[in-house]
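Scroll down for the structure; my scribbles are underneath it.
The values are calculated or read from the model by the stated rules, or taken from the named source; none is laboratory data. Every value quoted in this text rests on a predicted model; they were computed, and no experiment measured them. For neighbour counting, all protein chains shown are included, and Cβ atoms are generated from backbone atoms with ideal geometry for every residue, glycine included.
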Amino acid sequence: MKTARATTSRMKIYGDVGIVAYDQIEDKLQCHLCGKWRRSLSQHVVQAHGWSAEDYRQEFGLNRQQALICEGTREIEPFSKQKLLLKKEWLDEGKT
Ligand SMILES: [Zn+2]
């Protein structure tokens, strides 16, 4: 039974549609599908549920900017370009 996309309207989901539950203390996000807390949901939904991150976002009403990775995890991920740019601006300002 791998009809994940069609089942969510009937199955129990964890948390609220459109919101990714975030545990600040543990620095983890809750999976809407199984309720487990993971640092990286984008990886988790692929490995545990066979969903792509894109499917997951669409199904649970998350926008494309919605990170599926925790703050702490994001720090070590290279794709946080915006954050780096902001940091650079801030540094440049500090210099003058
Ligand atoms: Zn899950």
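Remarks
- Selection of region 20-32 for residues being touching a residue at least 40 places away in the same chain (Cβ under 8 Å) and either more than 14 Å from the ligand (Cβ to nearest atom) or among the hydrophobic types (A, V, I, L, M, F, W, C) (or both) yields Val20, Tyr22, Asp27, Leu29.
- Residues of region 33-43 classified as closer than 10 Å to Ile69 by Cβ and within 11 Å of the ligand (Cβ to nearest atom), total: 3
- Filtering region 20-42 to residues that are loosely packed, with under 13 Cβ neighbours inside 10 Å and modelled with pLDDT of 95 or more leaves only Gly35.
- Residues in region 44-86 that are within 17 Å of Gln24 (Cα to Cα) and either assigned to a loop (DSSP other than H, G, I, E, B) or within 11 Å of the ligand (Cβ to nearest atom) (or both) were compared, and the one that is modelled with the highest pLDDT is Leu68.
- Region 3-19 - residue that is away from the ligand (no atom under 12 Å from the Cβ) and modelled with pLDDT of 90 or more and, of those, nearest to Cys70 (Cα to Cα): Ile19
- Criterion applied to Val45, Val17 was being touching a helix residue (DSSP H, G or I) at 6+ places or on another chain (Cβ under 9 Å), crowded, with 16+ Cβ neighbours inside 10 Å, of a type outside the set (Asp, Glu) and at negative phi, and the one residue passing it is Val45.
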